[in-house]
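The values are calculated or read from the model by the stated rules, or taken from the named source; none is laboratory data. What you see is a predicted model; the values in this text were computed from it and never measured. Glycine also receives a Cβ, built like all others from the backbone with ideal geometry; neighbour counts cover every protein chain displayed.
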Amino acid sequence: MQNMNLILQGLHTVLTQQAATIQSIAQMSAAKKIVPINRGAIRLENVQCDASILQAIGDLCLKAQLDVYHGEQRQLSEFKLVAMDMDSTLITIECIDEIADMQGLKPQVAEITEAAMRGEIEFQESLIRRVGLLKGLEASALQRVYDQRLQLSLGAENMLQHMQQAGLKTLLVSGGFTFFTDRMRSRLNLDYTHANVLEIIDDKLTGKVIGTIVDADEKKRTVEKICAALGISSQQAIVMGDGANDLKMMGIAGLSVAFRAKPVVRTQANVALNFVGLDGVLNLF
């Protein structure tokens, strides 16, 4: 067992509203010190936790709707890049499901999306099947989805602002579509984006994508390529995602963050943010 820290965070004032839970965890982990980080987060320093204690703490935190991170104190200066998935990570929706809703096909498409995110269907196959269902849809539906449905995830702007101020480059890499990543790039001042290109002919979707499909391997390659261009190691990247197709790029990161993620992703990430916003990652530094 190593001397490590536990960081606990929630959506409310944790020190007052979760005082009993925090005391229990401090005792279970033999924490030397409780340090408030801000109103929503505290750090328990020099904890002693084996796997069974961590499991018990994790169960307790889940019940109390607290996110918990166990690890060494990290410095944001260790990192030079933050790479993010878009759908259900940087933004709250799955764009393809909302596009399908314009065709009255949301349930069919959402079912395939869910299966792909859980890792039950290969992403390429799922994307081809879902885009195929959109054949004939007016291209103007994409703008309607952007205007009416697309919202940034909780804490997204605050997280990006801090990362950019700290000098990190930003990459949005998505199994979604360039129509949306291009708009996110200009809206949030992102450095790099990579996504799938929907084929549009005569202002209608053809049901096809153009070029290489951005699947798990392509996402990983993109992170590696941007790291190489920046002259950094992938260990200097923070990578955020929610679905099975994010696991490969998260696997090469110095810090992997699962945001509102599927169980298969949560268990493999360095930190899972199930309750707090994306800016919860800032409390680790």
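Those strands (runs of 3 or more DSSP E) of region 2-72 in which 3 or more residues are within 23 Å of the chain's Cα centre (by Cα) occupy 4-9, 41-47, 67-71.
Within region 100-123, not a single residue is at pLDDT 90 or above, surrounded by 21 or more Cβ atoms within 10 Å (Cβ to Cβ), within 23 Å of the chain's Cα centre (by Cα) and closer than 18 Å to THR181 by Cβ.
Answer yes or no as to whether LEU154 is within 16 Å of the chain's Cα centre (by Cα), among the hydrophobic types (A, V, I, L, M, F, W, C) and surrounded by fewer than 22 Cβ atoms within 10 Å (Cβ to Cβ). Criteria met by LEU154. Filter region 209-238 for residues that are of a type in the set (A, V, I, L, M, F, W, C), under 21 Å from GLU114 (Cα atoms) and not in a helix (DSSP H, G or I); which is farthest from the chain's Cα centre (by Cα)? Ranking the qualifying residues of region 209-238, first place goes to VAL209. Taken together, the residues in region 43-71 that are surrounded by 14 or more Cβ atoms within 10 Å (Cβ to Cβ) and acidic (Asp, Glu) amount to 2. Per the conditions (1) more than 30 Å from ASP217 (Cβ to Cβ); (2) outside any helix (DSSP H, G or I), the sole criterion not satisfied by ALA83 is (1). Checking THR206, THR193 one by one, the residue that is among the polar types (S, T, N, Q) and closer than 20 Å to ALA244 by Cα is THR193 and no other. Residues that are of a type in the set (D, E, K, R), touching a residue at least 40 places away in the same chain (Cβ under 8 Å) and surrounded by 15 or more Cβ atoms within 10 Å (Cβ to Cβ) within region 186-217 comprise LYS204, LYS208, ASP215, listed in sequence order. The C-beta contact set for region 110-130 (first residue touching a residue at least 12 places away in the same chain (Cβ under 8 Å), second residue in a loop (DSSP other than H, G, I, E, B) and of a type in the set (A, V, I, L, M), distance under 7 angstrom, 6+ apart or interchain) comprises ILE112/ILE121; GLN124/ILE213; LEU127/ILE213.
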